[in-house]
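Undergrad: Take a look at this one; I'll ask things after.
The values are calculated or read from the model by the stated rules, or taken from the named source; none is laboratory data. Small disclaimer: the values here were computed from a predicted structure and weren't measured. Because the Cβ atoms are built from the backbone with ideal geometry, glycine has one as well, and the counts that use them run over all protein chains shown. Just the protein is used for accessible areas: all its heavy atoms, side chains included, with ligands, DNA and RNA removed. Shrake-Rupley method; radii C 1.70, N 1.55, O 1.52, S 1.80 Å.
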Amino acid sequence: MAFRGKNAVVTGGAGGIGLQVARQLLVAGVAKLAIIDIQDNLEEFVKLRAAHPTQSVMIIKMDVANKKGVEATYEEIKKTFGNIDIVVNVAGIFNDKDVQRTLLVNLGGIINSTLSALQYMSKENGGNGGLVLNMSSVVGLDPMFIIPVYGATKAGIINFTRCLGNDKFYQRSGIKFATVCPGATMTDMFTNFTEKIIFPETSDETYKILDRLSKQSATDVARCMLNVLEKEKNGAVYVIEGKRIIPLEIKPLWTGKEPAV
Ligand code: NAD
Ligand code: MG
């Protein structure tokens, strides 16, 4: 997909990876950009607007876990933009001690934002179709014993997105879906890590694991995410590591052919 003239939405765009995605989408020429985030990072937003005076940057302070609020937010974006072409769902948290909140923000938030966006993007409802890119993590693929709750939400995001990323749905809606699974990235997400894990007795080990991880920059991850958007491969899942996107080959396990018992 060429970005020039398109309208995009980024959740979690006030910080970390999401902010870099927002910035790079503007550099790539999107016409209108909406950022949905629970925090308002005014300083960064002033900079974004100053760097891109001819493009519109709309900022909506909203919790992605709030289903009604997210629906109203998309209604507002649709009214203001006229059209939505690209949605990048990045918002997420790490706090395994708060199970409810982790489920509602990480998995619930992606589902709320995706389903709300579909209504306005779908060709069935007069939209132009488009692309939805959802943020998972390598730990949604490879179990990491110290972060099972977070990992479960990230695994859920992969399945949710792959369900929608099928040809039948595409034929009706004109919308394609992809998932990215970055490895460890330098952001604020894992601040106070040992206070947010459910098995603190493993914290010594945890520190060692965290230290051992080589961390990529949010800028490099965002660049890879734009690359994934350009590929427009419906249903695809990519690992992002070392400035590269690595497409996963996931073969169906269930054949539906087992004999009746
Ligand atoms: P971050 O904390 O720097 O940024 C997260 C952004 O999401 C922030 O701007 C935050 O305000 C926003 N946000 C949090 N809760 C929200 C909510 N309820 N509603 C709306 N916005 C909300 O973290 P990050 O590392 O940039 O993480 C971004 C995404 O990337 C997350 O989904 C995370 O799980 C995923 N990820 C991160 C890493 C990593 O190592 N940092 C690796 C793989 C995947
Ligand atoms: Mg972010």
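Undergrad: Do the conditions hold for residue 156, that is, is it open to solvent by less than 30 Å² (accessible area, probe 1.4 Å) and within 26 Å of residue 24 (Cβ to Cβ)? Spell out how you get there, then give the answer.
TA: On the way: open to solvent by less than 30 Å² (accessible area, probe 1.4 Å): yes; within 26 Å of residue 24 (Cβ to Cβ): no.
The answer is no for residue 156.
Undergrad: Continuing with the same structure: For segment 88-111, check the following and say yes or no: at least one residue is crowded, with 17+ Cβ neighbours inside 10 Å, under 18 Å from the mean Cα position of the chain (by Cα) and part of a strand (DSSP E or B).
TA: Yes, the conditions are met somewhere in segment 88-111.
Undergrad: Then there's this: Name the single residue, out of those in segment 171-214 being under 22 Å from residue 136 (Cα atoms), open to solvent by 90 Å² or more (accessible area, probe 1.4 Å) and touching a residue at least 24 places away in the same chain (Cβ under 8 Å), that is farthest from ligand 1 (Cβ to nearest atom).
TA: 214
Undergrad: Any idea how many residues of segment 18-73 are among the charged types (D, E, K, R), at pLDDT 95 or above and in a loop (DSSP other than H, G, I, E, B)?
TA: Summing the residues that are among the charged types (D, E, K, R), at pLDDT 95 or above and in a loop (DSSP other than H, G, I, E, B) in segment 18-73 gives 1.
Undergrad: Could I ask something else about it? How about segment 1-25: which of its residues are over 18 Å from residue 74 (Cβ atoms), within 17 Å of the chain's Cα centre (by Cα) and more than 10 Å from ligand 1 (Cβ to nearest atom)?
TA: Scanning segment 1-25 gives 23, 24.
Undergrad: Determine if segment 102-124 includes at least one residue that is touching a residue at least 24 places away in the same chain (Cβ under 8 Å) and more than 25 Å from residue 68 (Cβ to Cβ).
TA: Of segment 102-124, the ones touching a residue at least 24 places away in the same chain (Cβ under 8 Å) are 102-114, 116-124.
Imposing the further condition that a residue be more than 25 Å from residue 68 (Cβ to Cβ) reduces the set to 123.
There is at least one residue in segment 102-124 that is touching a residue at least 24 places away in the same chain (Cβ under 8 Å) and more than 25 Å from residue 68 (Cβ to Cβ).
Undergrad: If we keep just the residues of segment 36-77 that are within 21 Å of residue 122 (Cβ to Cβ) and basic (Lys, Arg), which is surrounded by the fewest Cβ atoms within 10 Å (Cβ to Cβ)?
TA: Per the criteria, the residue is 68.
Residues are listed down the side, and each one gets a yes or a no for (1) within 16 Å of ligand 2 (Cβ to nearest atom); (2) of a type in the set (A, V, I, L, M); (3) assigned to a helix (DSSP H, G or I); (4) more than 27 Å from residue 13 (Cα to Cα):
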{"residue": "156", "(1), (2), (3), (4)": "no, no, yes, no"}
{"residue": "162", "(1), (2), (3), (4)": "no, no, yes, no"}
{"residue": "176", "(1), (2), (3), (4)": "no, no, no, no"}
{"residue": "181", "(1), (2), (3), (4)": "yes, no, no, no"}
{"residue": "188", "(1), (2), (3), (4)": "yes, no, no, no"}
{"residue": "204", "(1), (2), (3), (4)": "no, no, yes, yes"}
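Undergrad: Just checking, which of 239, 221, 228, 261 is surrounded by 13 or more Cβ atoms within 10 Å (Cβ to Cβ) and not in a helix (DSSP H, G or I)?
TA: Numbers: 221 fails: not in a helix (DSSP H, G or I); 228 fails: not in a helix (DSSP H, G or I); 261 fails: surrounded by 13 or more Cβ atoms within 10 Å (Cβ to Cβ).
Every option except 239 fails the conditions.
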